[in-house]
Amino acid sequence: MKTTIRKAKIEDAPKLAELMNLAGEGIPAYLWERMADPGEEVMAFGTRRVAGTESGFSYTNAHVAECDGAIAGMLLGYRLPDPYETGPLGEIPAVVRPLVEMEALAPGSWYVNAVATDSAYRGQGVGRMLMEEAERLAADSHATTISLIVAEQNAAAYRLYEMLGYQVHAHRSIIPFPGCPHTGDWLLMTKAVEPA
């Protein structure tokens with residue numbers, strides 16, 4: 001099976017929302033539930049959000065790995081602002097505060113907000129391929145650093161990032177929420193990039 005990477009399209013939004021929630025350890029659905037219209041299904045709201053162009057979660061910031069016409073995985077990433085102003089942290093939902101605090105420690109880096117492989121395609125190198133694409137995109141953006149945040153208990157993802165040369169830069173405690181799969185810390189990992 002040949003896997004290729006392409007820019008995401010608006011019609012990919014339902015699958016992107018599913019994969020973003022997977023990558024985000026359930027935090028996206030937790031937040032979307034609070035933002036959805038009364039009676040609106042959570043993933044329907046997530047799809048609507050991803051199909052827009054305003055938020056960081058927009059399909060315009062995403063690439064997909066495609067295998068025989070099916071989406072095998074997704075990468076969501078972009079340059080973080082420099083300087084990075086967090087704004088009043090008290091106005092940010094508690095579960096994402098530690099993530100925002102750590103993003104602010106990597107201003108101007110190319111940030112891998114989310115990367116996920118569909119369960120049907122795990123173990124086939126899709127995640128590694130998407131991370132290689134992230135490094136190409138980071139170099140093209142003239143960033144000197146690439147950054148990401150991972151739960152320390154997500155051992156498989158942590159091992160992959162470590163193998164690819166990422167190092168732990170900072171950590172913050174995970175704020176539990178209903179359905180939260182992890183305890184412990186979030187880890188900010190960074191890697192130097194050779195600009196294109």
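Observations
- With respect to the conditions (1) in contact (Cβ under 8 Å) with a residue 40 or more places away in the chain; (2) over 27 Å from Y30 (Cα atoms); (3) open to solvent by less than 50 Å² (accessible area, probe 1.4 Å), A192 lacks only one, and its number is (3).
- Subset of the stretch 137-158 (residues that are in a strand (DSSP E or B) and open to solvent by 60 Å² or more (accessible area, probe 1.4 Å)): none
- Boolean, G125 is modelled with pLDDT under 95 and open to solvent by 70 Å² or more (accessible area, probe 1.4 Å): no
- Hits in the stretch 161-178 - residues which are modelled with pLDDT under 95 and either open to solvent by less than 50 Å² (accessible area, probe 1.4 Å) or farther than 20 Å from L99 by Cα (or both): F177
- Residue, surrounded by the fewest Cβ atoms within 10 Å (Cβ to Cβ), within the stretch 107-122, restricted to residues that are farther than 19 Å from P28 by Cβ and not charged (D, E, K, R): A120
The values are calculated or read from the model by the stated rules, or taken from the named source; none is laboratory data. Keep in mind that what you see is a predicted model, and the values were worked out from it rather than measured. Using ideal geometry, Cβ is built from the backbone for each residue, glycine included, and neighbour counts are taken over all protein chains shown. SASA here: full protein model, heavy atoms, side chains in, ligands and nucleic acids out. Shrake-Rupley method; radii C 1.70, N 1.55, O 1.52, S 1.80 Å.
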